[in-house]
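Data block below; observations after.
The values are calculated or read from the model by the stated rules, or taken from the named source; none is laboratory data. Fair warning: this is a prediction, and the values are worked out from it, not measured in the lab. No Cβ is skipped: glycine too gets one built from the backbone with ideal geometry, and neighbour counts run over all protein chains shown. Surface areas here come from the heavy atoms of the whole protein model, side chains and all, with no ligands, DNA or RNA. Shrake-Rupley method; radii C 1.70, N 1.55, O 1.52, S 1.80 Å.
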Amino acid sequence: MKIDVLTLFPEMFNGVFGTSILGKAQEKGIVELAAINFRAYANNKHNTVDDYPYGGGGGMVLKPEPMFAAVEDLVKDAGEKPRIVLMCPQGERFTQRKAEELSSAEHLIFVCGHYEGYDERIREHLVTDELSIGDYVLTGGELPAMVVIDAVVRLLPGVLGNETSAVTDSFSTGLLEYPHYTRPASFRGMDVPEVLISGHHGRIDAWRREQSLLRTLQRRPDLLEQAELSAKERSWLEE
Ligand SMILES: Nc1cc(-c2ccc3ccn(Cc4ccccc4)c3c2)n[nH]1
């Protein structure tokens with residue numbers, strides 16, 4: 001997979017792209033990550049990429065020309081038509097299901113703006129997906145893009161080691177994750193649940209599923225509507 005990020009602050013991505021799981025995924029050749037400064041595509045002598053809004057009002061708006069020129073330059077060598085993902089507070093709420101959908105793409109181009117937002121023609125004629133990472137307003141699209149890229153790349157085959165599977169973690173089952181424990185078995189009188197030390201994997205799996213269901217019911221009952229539950233589990237939860 002190839003991921004390009006159009007941003008005014010490419011240096012913000014150095015840490016995220018160069019370390020840990022994303023860094024290793026690049027070394028393994030699973031994904032190619034690049035952050036490009038779209039100011040390079042400004043078509044005026046002052047290299048401006050923003051301007052005052054028509055109709056007045058506070059704040060500046062990102063001009064269409066540099067963004068169209070930058071995307072068209074990235075798309076010209078592309079194979080399969082890339083998904084052009086615009087980060088913005090008004091976008092579709094990003095979810096694990098959306099991460100799974102994006103992880104099947106061959107080429108993603110993220111558009112990260114600043115200021116008060118984007119000229120609407122960028123949305124109408126360039127973008128395929130608009131994503132929000134939550135109902136709060138950030139200063140720009142870079143942090144949201146990092147969040148989405150992290151969630152997408154970890155799903156690519158070979159990125160997570162065998163000991164960690166993206167399939168069983170939170171949200172991939174539709175439920176919140178069960179509690180985790182590691183050594184020591186007793187810490188300041190706080191003991192690990194006996195079942196996890198029993199070595200009985202059937203009982204361990206059942207306990208973990210029950211804990212996921214309980215934790216989801218307590219903290220995120222809204223997830224239960226979409227989750228795949230057996231009839232027995234549904235009636236147990238409704239007791
Ligand atoms: N989930 C989420 C995404 C964003 C986000 C994404 C891209 C941009 C580009 C500029 N801003 C600032 C801003 C935009 C619109 C109105 C006021 C300020 C952005 C915010 N905030 N929160």
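Taking (1) part of a loop (DSSP other than H, G, I, E, B); (2) at pLDDT below 95; (3) surrounded by fewer than 16 Cβ atoms within 10 Å (Cβ to Cβ) in turn, R234 satisfies each apart from (1). Applying the criterion of being modelled with pLDDT of 95 or more, in contact with a strand residue (DSSP E or B) (Cβ under 8 Å, 6 or more places away or on another chain) and in a loop (DSSP other than H, G, I, E, B) to the residues of the range 70-112, the residue that is farthest from P157 (Cα to Cα) is C112. Name the single residue that is surrounded by the fewest Cβ atoms within 10 Å (Cβ to Cβ) among those in the range 114-124 being modelled with pLDDT under 95 and not charged (D, E, K, R). Step by step, filter the range 114-124, then rank; the result is Y115. Scanning the range 72-101 for residues that are buried (at least 17 other Cβ atoms within 10 Å of the Cβ), within 16 Å of the ligand (Cβ to nearest atom) and not small (G, A, S) returns I84, V85, L86, M87, C88, F94, K98. One residue is enough: does the range 30-41 have a residue meeting the conditions within 30 Å of V159 (Cα to Cα) and assigned to a helix (DSSP H, G or I)? Yes: one or more hits. Taking each residue of the range 174-198 that is within 16 Å of Q211 (Cβ to Cβ) and looking for partners that are small (G, A, S) and open to solvent by 60 Å² or more (accessible area, probe 1.4 Å) with beta-carbon atoms closer than 8 Å, six or more apart or interchain, yields V192/S186. Among the residues making up the range 113-134, those that are in a strand (DSSP E or B) and of a type in the set (D, E, K, R) are D129, E130.
Would you be able to say whether some residue in the range 180-193 is touching a helix residue (DSSP H, G or I) at 6+ places or on another chain (Cβ under 6 Å) and surrounded by 15 or more Cβ atoms within 10 Å (Cβ to Cβ)? No, because not a single residue in the range 180-193 is touching a helix residue (DSSP H, G or I) at 6+ places or on another chain (Cβ under 6 Å) and surrounded by 15 or more Cβ atoms within 10 Å (Cβ to Cβ).
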